[in-house]
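Notes for the one structure printed next.
The values are calculated or read from the model by the stated rules, or taken from the named source; none is laboratory data. Everything numeric in this text was worked out from a predicted model, so none of it was measured. Neighbour counts run over all protein chains shown; Cβ positions are idealised from the backbone, glycine included. Ligands, DNA and RNA are stripped out before the accessible areas are found, and what is left, the full protein with its side chains, is counted by its heavy atoms. Shrake-Rupley method; radii C 1.70, N 1.55, O 1.52, S 1.80 Å.
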Amino acid sequence: MSQHFNYRHLYYFWVVAKEGGMSRAAARLDMAVQTVSAQVRELERALGVQLLRPEGRGVTLTEAGQRAMQQADVIFEAGEALPGLLRERDGAGPAVRLALGISDTLPKLVVRHLVQPVLATPGLRLLCHEQRFDDLLGNLAVHKLDLVLADRPAPPHAGLKVFNHAMGSSELAWYGSPELAARAKKRFPRGLADVPMLLPAANAAVRPHIDRWLTQHGITAQVAGEFEDSALLKIFAAGGMGVFPAPSLVHQQLLAQYGVRHIGALDGVMENFYGISTERRVVHPLVRRMVEPAST
């Protein structure tokens, strides 16, 4: 390696990639944008490759930049963990950081179920970021996230190298407040036409399957609301605004947390859950613990 290689330059590059742009990195580092940009260019000159290229108002990693980022992650994440490892001897225990991206269409109770295998980890510091699916993939690509949890796999993309890990699935069922559930159950499934309905937003992966199920059963839905946020949907449903579909996987939690009643199943309609990472073979120990049991 060139004698001009400087780990401080590598650190500035790492922050720029994490933040997705020079301006945000400069704000985090409390430095001028021009200074940060110059340091990254020095690193590129020392390595003899281009690491970043402009994209919109930010930057994206080149292929060489992705490889450099993988090594920088190892170096600087180990450095960030060092104080915690040293404090462990004093009984404080190390902090274990896990940054998750949560698709805005993924049911929140399902998120809790998917994360359950790591929640008892000593010193866990869980960072959850909820965004639109495409924005999450962008942040994953620049290593701002360790894993994205979603209701769909990432599509093939020439400039985005990510990998899908199937984490399970669940059949859907209808639920509602006690009064609405009693009305809907009288002639189920046709009784659903007699009550207002709350549905996931059109961008939810499972929504077309719900619409198809309703059509197949000759049900004209009285749609009282459509929600991107599944937790908000359930809050309105618990107040009696309408019946709603939800994964049977979290049946007991729904009954206990929202006081709703089970109406009946959407036979044949499944909701799938995915973990999306930047590596086919996951190296983060907590991410590996979450995705590997589902694939064995």
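Only helices at least 20 Å long along their axis, Cα-based, and averaging -0.5 or more on Kyte-Doolittle count here, so list those DSSP H runs from the chain.
33-47, 63-87
Report Rg/Rh for the range 157-207, rounded to two decimals, where Rg is the Cα radius of gyration and Rh the Kirkwood radius.
That ratio is 1.22, to two decimals.
Which FRET efficiency value, to the nearest 0.05, is calculated for His129 and Val49 with the Förster distance at 25 angstrom and r the Cβ-Cβ distance?
0.25
Given a 1.4 Å probe and every protein chain left where it sits, what share in percent of the accessible area of the range 126-175 is carbon and sulfur?
50 percent
Assuming 0.36 nm per residue, please report the length gained on full extension of the stretch Glu228 to Ala38 beyond their Cα-Cα distance.
64.2 nm
Kindly provide the trypsin sites (Lys or Arg not before Pro) of the range 197-296 that DSSP labels as loop, not H, G, I, E or B, and whose Cβ sees at most 16 other Cβ atoms within 10 Å.
Arg280, Arg281
If you count only protein heavy atoms with a 1.4 Å probe, what accessible area per residue comes out for the chain, rounded to a whole Å²?
In whole numbers, the chain has 52 Å² accessible per residue.
Exceeding 21 Å between C-alpha atoms, which entries from my cross-link table qualify? They are Lys108/Lys186; Lys185/Lys234; Lys144/Lys234.
Lys108/Lys186; Lys144/Lys234
If the chain between Ala182 and Phe163 were fully stretched, how many nm would it gain, using 0.36 nm times the residue separation less the Cα-Cα distance?
Length difference between fully extended and current span is 2.5 nm.
Which of the peptides 114-122, 58-66, 34-42 is most tightly packed, and how do the rest follow, going by the mean number of other Cβ atoms within 10 Å of each residue?
58-66, 34-42, 114-122
Length gain on complete extension for the stretch Val269 to Gln257, per 0.36 nm per residue less the alpha carbon to alpha carbon distance?
Working it through step by step, the gained length comes to 1.9 nm.
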